[in-house]
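The values are calculated or read from the model by the stated rules, or taken from the named source; none is laboratory data. What you see is a predicted model; the values in this text were computed from it and never measured. Note: ideal-geometry Cβ built from the backbone for every residue, glycine included; neighbour counts use all protein chains shown. Only protein heavy atoms, including side chains, enter the accessible area calculation; ligands, DNA and RNA are left aside. Shrake-Rupley method; radii C 1.70, N 1.55, O 1.52, S 1.80 Å.
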Amino acid sequence: MKDESLQYLHGVGPKRAAVLASLGIHTIHDLFYYFPRNYLDRSHVTKIKDLRRLLFTDHDITVVGKVVAMDTVRGRGGSARFVLVLNDETGSLDCVFFGGIQWFQKMFRVGEVLAVSGRPAMYGGRIQFVHPEFDRLSLDEEEEGEVDWSNALNTGAIIPQYRSTEGARRVRLDSRGLRRIIKRALGEKLHVIDETLSKSILEKHELVDARHALRSIHFPQGWNDLDRARRRLKFDELFYLQLLLAYRKREVKLEQQGVSFVVKSKLARQLVDSLPFELTKAQKKVIREIASDMSSPRPMNRLLQGDVGSGKTIVALIAMLIAIENGYQTAFMAPTEILSEQHFHTLRNFLKAIPVNVRLLIGGQRQRLRKDILEDVKRGSAQLVVGTHALIQEQVTFNQLGLVVIDEQHRFGVLQRAVLREKALKSSLRPVHPDVLVMTATPIPRSLAMTVYGDLDVSIINEMPEHRKPIRTILRFDSQREEVYEFVRQEVAKGRQAYIVYPLIEESEKLDLQAATKNFQRLRDEIFSDLDIELIHGRMSPDAKDEIMSDFKLGKINILVATTVIEVGIDVPNATVMVIENAERFGLAQLHQLRGRVGRGSEQSYCILVAKEKILSAALARPPSSEAAFAEEVERKKAEARLKTILKTIDGFKIAEVDLKLRGPGEFFGTKQSGLPELQIANITTDGEILSVARKEAFHLVADDPQLRRKENQSVRKHFLERYKNQLALVKTG
C-alpha cells in the first residue's frame, strides 16, 4: 500500500525511518513525492587528459577509469586522507576522500572500473577530484570497452539531487543514499500508486500517466522525459489546488444563505454628496459590482484591489452604510493597532454629519472603556466596529453582523476570516452568512490571485484621483545625505512635512543599519534643531502613537522619524517628502507602500531612497570565494533589482510581478495562511500557463459533475478525498 510505513522497505529500518520522518517522508507515497531539488547532467564521459582545460569549471564532470592504486596519506598535524588513483587510456586522476577512511579502504579494490563525477582541481601538480560521486561499472568486452550503465545510480545519466540534513547524512541518507532507496522503492512499490486524473484529462492535455511521471521525475531517460514528468506533476498539483478553490466558491455561491440587502441607500447618497471630491470612474464601477453582490441572497465574497491612495476606504464605507441602513452591523478588521486607529479616525471624519455610531476595539484599551464597547457591540448600537484581531476574541459578541471588511487581507489567514463568519452566524436571530469584502493595497499578480484568491470575485480600482500628481522617486547614496537633508529643509520652508524612515528601532551589531532612535537624536539636536521633529515606532503605547500622529496631521510636527510602523494607513496630505534610509534593506512591497504615504495631496511629492554606493556596483570580477560571499552577492543583486524597479515605475502591479519573481510565492504573500496546500513542484511565478489550464479544467469539472460521481471521474474523486480531506474542511470557512 502507498501509505505503508517505510521502516520495512529494504535498506531503511527503524533508525533511518525516523530520520526520513524528520524530512516529512513517512510513507511510500511521501517517498515518491519527495522530488529532487536539482539535477546533474552526468550523461557525458570526459577523458582524464581533458580535465586540465576544465579546471575551475562550475559543474560536475564524469570520468571512467580503472583503480590502479589506493593509499592513506598522513598530513601535517596527524590529519589523514584516502587517495584512490584512477587511470584511463589518456592519463591518471586522484580521487581524495577526507573522513570515513576505514570505510573507503574497504569500499574499493584495485582493478575495478569506476565512474566518478566531481569538479577538477590541481594539487601538488596532479589533477584531483575531492569527494566525488561514484558508481561501480563493468565493461562489456563485445562492445569494445563501452560502459554498461544499467546499474549506475550516480553517473552516466541525469542524476537527481535531494534535500538532506546533517542528521540524515549521519545515517548515510545524503543525496546518494536517498537515490539508492528511491531507486529500489520505484522497482518494488511503484505499482501501488493509482492514477489521479481521468483518462479524458490525460488525453486532452497530452499528459503522461502518474507512474511514468514519478519514475521519470527521479530517474529521467533524458531532458525531454524529465520535462514531460514535470509538466504532469505540476498539472496534478495545480489542478487539485484549483479544485479546492472551485468547491470553496461553489459553497459560497450556491449553498450558503446570505443577506439580500436593499442597496438604494440614503446614507450612502448623503456621504457621496458630502465628499469634497468626485469619485473616479473606477470607484463607481467597483461600487456597482459590490452593490450587485449585496443585493443577492448569496453572500458576497469579493476581493478589492487598489493601489495606495486609490480610494478603497470610501468604497468600503459606502458598502458598510448600505448594510447599516438595512439594520445590520458591520466589522472593519485591520492587521495593526495603528492602522485600525487610522481607519477609525478616517471613517469618523467621513461620517461626522451622518448618524452612525463607530467604535474602535483594540488590545490594551482601559478595562472600563473596553467593557462599554463590548456591551455596545452586543446590543447592536455599535453599528460600525473597527478593530484588530481583538474583533475575533471569544468575548466579542455581535447583535446582527451583516458585512465584514478586512483590510490588508494578506496579513490574515483563512481561519481568522472564518471566525468572523461564525460570529455573524451566532449573532443573528436568523442565521445568515455575512457579506465579506477583503481589501489589499498590495497589488497581486494574476498568477498569485488565481491561487490564493481563486475563490473570490475580484474588483480592481486602477485609477487614481485626478488631483494626485505622480510621485518622483530619486536614488541618493550615503555620501549625498547632506543634500537630502537640505532638500527636506526646503520643502518644510514651503509649509510641507516630511517622513524619514529607518528599518530598525535600535542599533544592530549584525546589520550595518541606521537606527531610528540614535539617528532621531542626531537629527533633532544637530541637523534640524530649529524644526519640530518627533519619533514614532511600534513599541510605543497606542496613546503615545495617537498623540504624535495627531500632532503630525495637525501640522505641529515638521518631520516625523519612523520605522515601518507607518508602512500602511497613515494619511497626511501635507506630507510631500518620504526619505527611506538603508533603502537596499527594504522589500519591494515595503518600498512601494512607504512611497504611498506621500503624494496624497495636490502638491508634488518626492520619495528619496538613500542607499549604499556598493549596491549598484559592477558585478564581481571573479566568482565569490565562499558560500557567505556568494550569499552576499545574491542579496546585493536582489537589492539592486528592487531599487531599479521602484525607480522605474509607480505601477503597483508591475512592482508586484517583479517582487513575486524575487521572493517566490510563499514569502511574497504568506500563502501558508490561505488554508491551501503547499506546492511541492509547481511554481506559480513561472508556471502560469499550466495554472490557467488546470484552473479551467477544475472549475469546469465542478460545474459539470459537482459530486464527481461519474465513472470517468472516480480516480479524481478518490484522490481528492484521500489527499485533501484537511483542506476540504476549510471549504466552508473561505
Loop-resident trypsin sites (Lys or Arg not before Pro) in the stretch 18-52 with no more than 12 other Cβ atoms inside 10 Å, DSSP not H/G/I/E/B, are ARG37
With a 1.4 Å probe and every protein chain left in place, tell me how much accessible area ASP571 has, in Å² to the nearest 10.
50
Everything considered on the Cα gyration tensor (a ≥ b ≥ c; rounded for a/c under 1.5, else prolate if a/b is larger than b/c, else oblate), the stretch 1-86 must be described as prolate
Pairwise FRET efficiency - VAL272 versus LYS556, Cβ, R0 = 41 Å, nearest 0.05
0.80
Using the beta-carbon distance between HIS10 and PHE653 and R0 = 56 Å, what value does 1/(1 + (r/R0)^6) give for FRET efficiency, to the nearest 0.05?
0.60
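Round to the nearest 0.05 the FRET efficiency obtained for VAL110 and PHE477 when R0 = 60 Å and r is the Cβ-Cβ distance.
Numbers: r = 63 Å, r/R0 = 1.05.
Efficiency, from the Cβ-Cβ distance: 0.45.
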Modelled label-to-label distance, ARG119 and LYS204, 7 Å Cα→beta-carbon offset: nm?
4.7
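Apply the a/c threshold of 1.5 to the C-alpha gyration tensor of the stretch 258-307 and tell me whether it is rounded, prolate or oblate.
Cα axes put the stretch 258-307 in the oblate bin.
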Burial-style ranking of 541-554, 599-612, average other-beta-carbon count within 10 Å with highest first, yields 599-612, 541-554
For LYS644, what accessible surface area do you get with a 1.4 Å probe? Give it in Å², rounded to 10.
110
So how do TYR33, TYR39 rank on accessible area, 1.4 Å probe, biggest first, that is with the largest at the start?
TYR33, TYR39
Carbon-plus-sulfur fraction of the accessible area of the stretch 224-365, 1.4 Å probe, in percent?
50
Could you rank GLU466, GLU483, GLU188, GLU640 by how accessible they are, 1.4 Å probe, largest area first?
GLU466, GLU483, GLU188, GLU640
For ASP88, ASP227, the accessible-area ranking with a 1.4 Å probe, largest leading, is ASP227, ASP88
³J(HN,Hα), Karplus 6.51/-1.76/1.60, whole Hz, each residue of the stretch 712-723, x for Gly, Pro:
5, 9, 5, 5, 5, 4, 4, 5, 4, 6, 6, 9
Using the basic label-point model (7 angstrom from Cα toward the beta carbon), what is the SER92 to ARG370 distance in nanometres?
8.0
Cα centroids of the stretch 60-103 and the stretch 520-584: how far apart, whole angstrom?
65
Probe 1.4 Å, all protein chains in place: accessible area of LYS661 in Å², nearest 10?
150
In nanometres, the difference between 0.36 nm per residue of separation and the alpha-carbon distance of ASN574 and ARG288 is 99.8 nm
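Determine the shape class of the stretch 313-389: with a ≥ b ≥ c the square roots of the Cα gyration tensor eigenvalues, call it rounded for a/c under 1.5, and otherwise prolate if a/b is greater than b/c, oblate otherwise.
Numbers: a/c = 1.83, a/b = 1.25, b/c = 1.46.
Oblate shape, in that a/c is at least 1.5 and b/c is the bigger or equal ratio.
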Using the Cβ atoms and a cut-off under 11 Å, what net charge is assigned to the surroundings of ARG211, where Lys and Arg are +1 and Asp and Glu are -1?
0
